[in-house]
Structure formats: structure tokens, C-alpha cells
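Everything below concerns the one structure shown next.
Taken together, the values in this text are just the output of simple stated rules run on the coordinates, not laboratory data. In this text, all values refer to a predicted model and were calculated from it rather than measured experimentally. Cβ placement follows ideal geometry from the backbone for every residue including glycine, while neighbour counts extend to all protein chains displayed.
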Amino acid sequence: MKSLRWIIGTALCVTFAPSVFAACKISRIGELPVRVEGNRLLVDAQINGQSARVMVDTGAAMTSLWQDAAARLGLPQEKTTNTRLFGVGGEARVLGTTVDRLQMGSFVGDHMHLAVVGTRPAARRPPGDLVLGDDFFSHFTTEFDLAHGVIRLLQTEGCQTQELPYWATTYSLAELERLHSEDAKIEAFVLVNGKRVRALLDTGAPISIIVRQAAESVGVVPGQAGTAPVAAISGIAGKPVQAWMGSFATFSIGDESLRNVHLRIGDLFSADTTGKLGSRLPQPLEESPSLLIGCDFFLSHRILVSAQEHTLLFTYNGGPVFQLVKSIAPQKDSSDQKDTVPSQTAPAATH
């Protein structure tokens with residue numbers, strides 16, 4: 001289990017009280033300048049004083065280092081028997097290490113106990129040395145403002161829901177499943193063709209994808225009319241998974257609804273199994289998501305995840321919502337941006 005402490009300079013914590021809701025305080029704990037490379041979110045970092053790249057992956061419940069990166073950084077690696085890591089394509093081998101100091105943008109953390117994952121050559125895995133997962137983001141209210149090349153780590157006090165999306169006068173809202181460091185997943189139930197589906201908001205998935213069984217349950221069957229085969233995909237275990245493109249009549253998340261949506265379809269978690277006491281047969285993992293809402297959705301929206309309120313608040317940036325592939329440069333310095341964490345009247349609830 002990872003422990004994390006924060007070192008916060010006075011200049012990094014900006015608190016404001018909107019004029020109408022004087023009790024609401026939003027403190028900026030840190031900002032991560034993020035660049036988007038083909039729908040991968042990357043942050044330049046320092047690990048124990050050495051340069052490293054971080055990939056932001058909200059689909060990863062656990063923050064981890066790749067084994068080759070841990071070796072390059074001179075970090076000790078130890079065997080662990082308590083941690084198992086599953087993802088698209090199956091299970092990955094897990095070791096452990098300790099990072100004395102991690103700096104990303106204006107955020108600094110120390111004495112972080114991290115998993116070390118090593119199942120794939122660097123050329124065949126996602127970019128980055130460290131995968132920043134939901135166990136990290138569960139400590140904050142997190143704002144994903146990819147259009148401006150920044151992720152903001154916030155803490156809130158005495159705020160009502162409608163006060164949080166400070167950058168807009170209207171917004172959409174969806175309820176999240178409980179988000180905490182022991183089981184860190186940004187999950188919500190969405191409607192696909194009118195049927196309730198468990199979805200994981202996953203910046204580590206470049207393109208949104210629905211599990212084949214879920215697609216078939218709403219009437220979209222790979223190989224039939226309205227679908228077409230596409231390139232195979234792979235996850236943390238490195239095993240390719242066959243995929244198709246399918247057309248879905250309706251999609252709704254919270255109070256945002258879309259028509260004629262195209263989503264990829266794949267057997268995402270069919271290899272994710274574990275042993276069960278008293279049985280030699282592998283058992284599928286419980287409560288795996290049926291849909292990964294990927295980086296394409298994050299690119300088309302400005303999103304705020306409130307771990308404390310278990311709420312997702314978002315506004316539409318424009319353009320395609322799904323199947324969008326894009327690259328964006330990081331914001332150099334947002335400290336002088338007027339819309340970063342301003343003092344302003346909070347919008348009325350519109351959801």
C-alpha cells in the first residue's frame with residue numbers, strides 16, 4: 001500500500017472565496033503541465049533528482065513504475081506477495097520500490113511506496129517511466145483542462161456542487177461510484193442504447209472502447225451490419241485484444257446525451273481471472289467495467305472530479321466527443337492565467 005506526503009510551498013496554494021458563496025474555499029495544491037501526444041497524457045517529472053516522464057492514467061487504480069525505468073533510475077526493487085495488477089489483456093507481474101522525492105510541475109511528494117511493473121519491452125508499452133493512477137488522484141479534487149495543457153490538483157472546503165466548475169456558467173453532472181485510495185476508480189454508470197452500463201473514466205485509453213459482451217447486450221454485435229474490424233489493442237499485460245468499430249444509437253453520461261455514437265468494441269477483460277478457494281478453475285474478476293471512457297472524451301471536455309463529493313462535473317469544449325486523436329503542448333506557466341482559480345460568482349446549478 002502506497003503512502004504519500006505532500007510538500008506544499010506557500011506560492012503553490014491559492015485560496016479564494018467567491019463573492020456569493022463566501023464559505024467556499026478552493027485551494028490549488030499543485031499544477032501538472034501536461035502534453036498530449038496521440039491521446040497519451042505526459043508530464044515531465046523529477047524522480048530522486050533524475051529526469052523522468054509520467055503518463056497520467058486514470059484507468060490505473062495503482063501508481064506504478066515500469067521495471068526498466070526503475071532500473072535506470074537506480075531504485076531498489078523488492079518482491080511483493082500482496083499486490084496483483086490486472087488490466088486489458090490480463091495480469092501483470094508486480095514488484096515494489098520506494099521513491100524518496102517526486103516532483104511534477106508545482107507538486108512535490110516524498111517517500112512514495114510504489115509498485116514496479118515489468119512485463120513488456122519499452123518499445124511495446126505505453127510511453128513514460130511512471131504511471132500516475134487513481135490512488136494518487138483520490139487525494140484531490142482534480143481538474144483536467146487538457147485544452148490548456150494542465151491538470152490542477154485542488155482541495156475544497158465548504159463548497160456546494162454548483163460552485164466547483166468556476167470556469168463556466170453551465171455544466172453537466174454525473175454521480176461517481178465511491179472514490180478512495182483503497183479502491184481508487186473513477187467510475188460512473190452511463191446509458192448506452194438506453195441500457196445502464198458501468199463505465200471507467202480512463203485517460204490511459206487513447207480511444208473509448210466498450211466490452212464486447214456489453215455491446216452485444218445493447219444490440220451491436222461485431223461482424224454484423226454497423227460494425228467493422230479495426231486494429232487490435234493491448235493494455236498493461238501486453239496481450240493484443242481483437243477490436244471492432246460499432247455504431248450506437250444513443251449514449252448518455254449524467255445529463256449529457258449524444259446520438260449516433262461510434263465506439264470501439266473489444267474483449268477487454270476476458271483474460272482477467274483469478275483463482276478461487278476450493279476450485280482449480282480461473283474465475284473472472286468481479287465488477288470489471290463494461291466501458292472505458294478514454295482520452296478522447298477528456299479532450300472534448302473540461303472535467304472536474306470531486307473525490308469527496310463522488311461527483312463528475314464537465315463542460316463541452318467542442319468538436320467530436322469520441323474517436324478524436326489529438327496532440328496538445330503543455331501550458332508553460334498557468335500562475336498568471338485569470339481562469340486558473342479565480343475569485344468569481346459561482347454558476348447556478350443547471351444539471
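Ordering of 106-113, 137-144 by packing is 137-144, 106-113, highest average first (other Cβ atoms within 10 Å, averaged per residue). Here the label points at Gln160 and Gln323, each 7 Å from Cα along the C-beta direction, are separated by 4.1 nm in the simple model. In this structure, the amide hydrogen of Val34, modeled 1.01 Å from its nitrogen in the peptide plane, lies closer than 5 angstrom to those of Val150, Ile151, Gln331, counting only residues at least 5 positions away or on a different chain. Here Arg72 and Ser288 are evaluated by their C-beta separation; at R0 = 41 Å the FRET efficiency comes out at 0.80. Taking label positions 7 Å along the Cα-Cβ direction at both Ala225 and Lys195, the computed distance is 1.9 nm, reported to one decimal. Extents of region 132-176, taken as max minus min of Cα coordinates on every principal axis and listed largest first, are 31, 26, 19 Å. Annotation: amide H of Lys185 within the under-5 Å range of His180, sequence separation 5 or more or interchain, hydrogens built in the peptide plane. Couplings 3J(HN,Hα) for region 63-77, derived from phi with the Karplus relation 6.51 cos²θ - 1.76 cosθ + 1.60 (θ = phi - 60°), are 6, 8, 9, 6, 5, 5, 5, 4, 5, 4, 7, x, 8, x, 10 Hz, where x marks Gly and Pro.
Residues whose amide H lies under 5 Å from that of Cys159, counting only those 5 or more places away or on a different chain, are Lys25; hydrogens are built 1.01 Å from N in the peptide plane.
Measuring between alpha carbons in the structure, the pairs from Lys79/Lys326; Lys79/Lys185; Lys25/Lys79; Lys185/Lys326 lying more than 32 angstrom apart are Lys79/Lys326; Lys25/Lys79.
What does the highest-first list of 321-329, 223-231 look like by mean Cβ count within 10 Å?
Highest to lowest by the protection proxy: 321-329, 223-231.
Scalar couplings 3J(HN,Hα) for region 103-114, obtained by applying the Karplus form with A = 6.51, B = -1.76, C = 1.60 to θ = phi - 60°, are 10, 9, x, 8, 9, 10, x, 10, 6, 9, 8, 10 Hz; x denotes Gly and Pro.
Sequence-ordered 3J(HN,Hα) estimates for region 164-176 from the Karplus curve with 6.51, -1.76 and 1.60 and θ = phi - 60° stand at 6, x, 5, 8, 9, 9, 10, 7, 10, 9, 9, 7, 9 Hz, glycine and proline given as x.
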